[in-house]
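Bear in mind these aren't lab numbers, they're just calculated from the coordinates by the rules spelled out. Just so we're clear, the structure is a prediction, and the values are computed from it rather than from any experiment. Cβ: placed from backbone, ideal geometry, glycine included. Neighbour counts: every protein chain shown.
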Protein chains: 2
Amino acid sequence: MSDEAQRLKQARDEFVAQWGAMGSQWGINRTMAQIHALLMTAVEPIGTDDVMAELEISRGNAHTNLKELVTWGLVRVVVKKGERREFFEAEKDVWKIFTIVTRERKKREIEPALAVLSRCSEGSRGMKSAEGQAFHSQMQQLEEFVGFASKVADRVGSMKHGFAVQLAAKLLG
Amino acid sequence: MSDEAQRLKQARDEFVAQWGAMGSQWGINRTMAQIHALLMTAVEPIGTDDVMAELEISRGNAHTNLKELVTWGLVRVVVKKGERREFFEAEKDVWKIFTIVTRERKKREIEPALAVLSRCSEGSRGMKSAEGQAFHSQMQQLEEFVGFASKVADRVGSMKHGFAVQLAAKLLG
DNA sequence: ATCTACTTTCAGTATTCACTGAAACCTTAG
DNA sequence: CTAAGGTTTCAGTGAATACTGAAAGTAGAT
């Protein structure tokens, strides 16, 4: 193997390992993040067995996490003609990756919070005691803010890349 | 206990429980989120023993998570005169809470990612093979995007509430 | 209809992460 | 100094989560 090919393999392994470690920090399961890293840096679609071999994981594990990535929309299933098995290919456009992750995190983090806050705010409406009023007010403020974050996430998530860049340039300028 | 006081207790318990459950989703430990919820809805500073009693957790657990909340900056230590023990009080301003969480998440999620990407991008600079170039390009794009997200987080985190509201109004308008 | 090449599921196991409770450690008061 | 009141640490335990491997399921090919 050439020197460069070795360096490349090393760099890629490092990326896969570290991206996986990062996944934990992000509340995403390590294997899923590793598979994602592997696919993002693959030149062409790869199959379940390649994933198993590369990451030294079981078929079940590879399967589950590949399907989860497909559910998120970060990975597509590809069928090659003349091949019976499925191959997988990751979305590589960073802006698309970002909007997908934004959408998922909104679903998982913001929306449940909003539901909780709504109920707590509603359940304490019109209380007479100082404590009751303070609680209601706190719930209302949180609800308003989170609702607002939810709208921002929607808006940003549906922007075209170019527009987002413009907006951000203004923000940072 | 009056009817209203009961309703309040119920609503507050629900908030604490649900906020805790949410914490898991957010990659924050459940107890820490529960303590935070408890403190956010407390009328006055409370002590370790109150937290232990309210959440039915051990001293060690209460202690560790209270200190972690203090480290984050979401909770302050308060000393009452004539009292030897420490009391705790949460920041209640939602915008401040938001900026603190933004700062912490940037530190925990964005900065390590950036470091990884830098190294991988650097380590694959100037490769000749198509694979090497594709890898380098992918790393560069990710690095650029994440670096950018980092700056946005800084900027938003240091905004005054009023300014952020204005900006957001424009964004959502 | 049967074989073959895969995909999917899931009970059991391993790993990781959080919690307990008790001991060690401060700090102020007497 | 010693005692009392309070805080901090941490080894051991428990709960949650992820992973394995093998069996069951599916679908195209013969």
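Data for the structure
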| quantity | calculated |
| --- | --- |
| Some residue of region B:42-54 being within 11 Å of chain A (Cβ to nearest Cβ), more than 17 Å from the chain's Cα centre (by Cα) and surrounded by 19 or more Cβ atoms within 10 Å (Cβ to Cβ) | yes |
| Count of residues meeting criterion [of a type outside the set (S, T, Y) and more than 7 Å from chain B (Cβ to nearest Cβ)] in region A:120-138 | 6 |
| Qualifying positions in region A:56-98 - within 14 Å of another protein chain (Cβ to nearest Cβ) and within 14 Å of DNA strand C (Cβ to nearest atom) | A:E89 |
| Near pairs, Cβ below 6 angstrom, 6+ apart or cross-chain, from region A:144-172 (within 11 Å of chain B (Cβ to nearest Cβ)) to any residue that is of a type in the set (F, W, Y) | A:H161/A:W95 |
| Test: B:G82 is under 18 Å from A:R7 (Cα atoms) and not hydrophobic (A, V, I, L, M, F, W, C) | no |
| Near pairs, Cβ below 8 angstrom, 6+ apart or cross-chain, from region B:113-129 (touching a residue at least 12 places away in the same chain (Cβ under 8 Å)) to any residue that is buried (at least 21 other Cβ atoms within 10 Å of the Cβ) and outside any helix (DSSP H, G or I) | none |
| Scope region B:56-82; condition of a type in the set (V, I, T), loosely packed, with under 12 Cβ neighbours inside 10 Å and near DNA strand D (Cβ under 10 Å from one of its atoms); matching residues | B:V79 |
| Scope region A:1-12; condition more than 10 Å from chain B (Cβ to nearest Cβ) and either in contact with a Cys (Cβ under 6 Å, 6 or more places away or on another chain) or part of a helix (DSSP H, G or I) (or both); matching residues | A:D3, A:Q6 |
| Checklist (1) within 30 Å of B:M40 (Cβ to Cβ); (2) within 14 Å of chain B (Cβ to nearest Cβ); (3) not β-branched (V, I, T) applied to A:R103, failing item | (2) |
| Which listed residue is away from DNA strand C (no atom under 12 Å from the Cβ) and closer than 23 Å to A:D93 by Cβ, from A:A17, A:A37, A:A5, A:A53 | A:A37 |
